[in-house]
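What follows is a set of notes on a single structure, which appears directly below.
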Amino acid sequence: MVKFAVICMSNMNRSMEGHFQLKKRGYNVQSYGTGTQVRLPGPTQASANSYNFGTPYAHISNDLRTQAKDDPNLHSHYSRLGLFAMVDRNITVKTAPEKFQNEQMSYDVILTCEERVFDLVCEELLKRAGVKSKPVHVINIDIDDTHKSSLKGGDTIVELARCIVASKDLERDMDGIIEDVQRRMTHRLLYTMAFY
């Protein structure tokens, strides 16, 4: 069975939507972030809510709800951004956000959700020096970091996974899969092969 990882900066929105969609369809999937901390929008544009990786989604949910409890404007702001729905979804998928750089598991396919994350994942794989000589396909899907965009991005992630799993020879077929999905879906794709 193909092992997938879906990665964004904070393991909150885009990677978790991909994780949720793939898990719901029975794929072998995990998700991660590559940032220094988990960041969510705060009460104002200038202030963010920041959490350490490993902070349970239930704790993050309680923190956001406590902040908004006595402030209808803040509650409306968080609701409009989809934060409550996003964190509630995440609680159903796994316990807490995880950092890719701390993970030693290897995957067949890594799906990143923005080019900066793609670069960080490739850097991390280079640092590991390919000691296992195990190939990994790294594909970037450019997804804006909004709740609405993550839903559309989840569709592209599912379509890529469907095509990848259907392949009988992934090394031979991957370029064609990327071209086919790129032609049919709206997200810009970037692809490379790396090694664990």
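Some observations on this one:
- Mean Cβ count within 10 Å, highest first, over the residues of peptides 128-138, 20-30: 20-30, 128-138
- DSSP assigns beta bridges within the chain; of those with both partners inside it, close to 40 percent run antiparallel.
- Isotropically averaged projected area of region 1-91, using the convex hull of Cα atoms (one quarter of hull area), nm²: 6.0 nm²
- Fully extending the segment from residue 105 to residue 44 would add 18.2 nm, taking 0.36 nm per residue of separation and subtracting the current Cα-Cα distance.
- Anisotropy class of region 105-168 from Cα gyration tensor, a/c 1.5 cut: oblate
- To the nearest ten degrees, helix 57-68 and the longest principal axis of the Cα atoms of the chain are 30 degrees apart.
- Distance between region 83-100 and region 52-71 - C-alpha centres, whole angstrom: 11 Å
- The GluC sites (Glu not before Pro) of region 101-196 that meet both conditions, a loop assignment by DSSP and at most 14 other Cβ atoms within 10 Å of the site Cβ, are 103.
- Only helices enter the 222 nm calculation for the chain: every DSSP H run of n ≥ 4 contributes -39,500 (n - 2.57), and dividing by all residues gives -15000 deg cm²/dmol, rounded to 500.
- A full extension of the chain between residue 25 and residue 193 corresponds to an added length of 58.0 nm, given 0.36 nm per residue minus the alpha carbon distance.
- Extension gain for the segment residue 3 to residue 132, taken as residue separation times 0.36 nm less the Cα-Cα distance, is 44.8 nm to one decimal.
- Pairwise label distance in nanometres, residue 155 with residue 116, each label 7 Å out on the Cα-Cβ vector: 2.7 nm
- Shown for the chain: the carbon plus sulfur share of the solvent-accessible area, taken with all protein chains present and a 1.4 angstrom probe, equals 52%.
- The chain - Rg and Dmax from Cα coordinates, angstrom: 17.0, 57
- Computed label-point distance, nm, for sites residue 81 and residue 168 using a 7 Å Cα→Cβ extension: 5.0 nm
The values are calculated or read from the model by the stated rules, or taken from the named source; none is laboratory data. A quick note: this is a predicted structure, and the numbers were derived from the prediction, not measured. Reconstructed Cβ throughout: ideal geometry from the backbone, glycine too, with neighbour counts over all protein chains shown. These accessible areas exclude ligands, DNA and RNA; they are computed on the full protein's heavy atoms, side chains included. Shrake-Rupley method; radii C 1.70, N 1.55, O 1.52, S 1.80 Å.
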